[in-house]
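A short write-up of the structure that comes next.
Just so it is clear, none of the values below were taken in a lab; they were calculated from the coordinates. Since this is a predicted model, take the numbers as computed values, not measurements. A quick note on method: Cβ atoms are made from the backbone with ideal geometry, for glycine too, and the neighbour counts reach across all protein chains shown.
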Amino acid sequence: MAEYLVFSLVAPMGAFGDLAGHEQRGSTGWPGRSAILGLIGAALGVRRDDDAGQDALNDWRMAVSVLNQGPVLRDFHTVQTVPSARIKRPATRAEALRALTRGDNGLITHRSYRMDCAFGVALWGGDAAALEGALTTPHFVPYLGRKSCPLSAPMAPKRLEAGGAFQALAQVTMPPFLALDPAAPLFVASDTPLGEGRIETRHDIPLDRGKWHFRARQVHIYHPEGKP
C-alpha cells in the first residue's frame, strides 16, 4: 500500500495542448504532465519565474483518469506577427507588441477546447499533506489549461492509501451534479505502467516555463476491460 493524493478536475471547457503550431492550437483529450504541474504550482503559489519552485514540482508522479473528455469546440483568434528582422534576440510578448507597426500583417489562428471535462488525478512522491491544503484553498485561481476555462466544482483533494494508482483513482470524489463513476473511467494515463496497455509520446515535461519549452516523455495508457 502507498499514499496517494487524489482530486477531481471538472470544468465546462478545458484546453490541453501538445505540440503548438503557429496557426493551430489543438487540444488533446486529457491534461498532461505540464498542465497538472502548472495547476498544483498555482495552488501552492509557485510563480513561473521561480525556477527552484518549478523544479521541485517535478518530484511528483501522476496518473489521470479520463471520465468525460467531451466534444471539441474550435475558436478563432486574430493575431499579428513581428518581422524577425525587427527583433534581434528572443523577446517577451510585451517587447514584441511594442515592435508592431501599422503595416504588419494579421493572421487568423485556431484554438481548440474540450467541452464538459471531467478527470480524476492521483499524485504520489511529494508532500501530500501540504498539497492537500493548497488544493483546498489555492494561492492562485486554478483553471483547466487556459484562464478562460475555470473549474465548475471544488477539486475535493484527499489523501488515501491504495494498492496502485488505478485503485486510488477509483476513490476520487466527483461533484454531485455529475453521474460519473470514478471507478469506471474511459481510460487512465499514467507515468508508470498500470497493466497491459499501450505507450504514447507526449511533449509535456516543462523545461522552461518562461520560454514555453517542453520535452517528450512516454505515457502509459490503460483501458479498463470493456472500454474501447
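Zone of residue 1 (label point 7 Å along Cα→Cβ, backbone N under 18 Å): which residues in the stretch 152-189?
Residues 158-172 qualify, since their backbone N sits under 18 Å from the label point.
So for the pair residue 146, residue 213, with labels modelled 7 Å out along Cα→Cβ, what separation do we get in nm?
2.6 nm
In nm, to one decimal, how far is the modelled label at residue 130 from the one at residue 205, with both set 7 Å along Cα→Cβ?
The two pseudo-label positions are separated by 2.3 nm.
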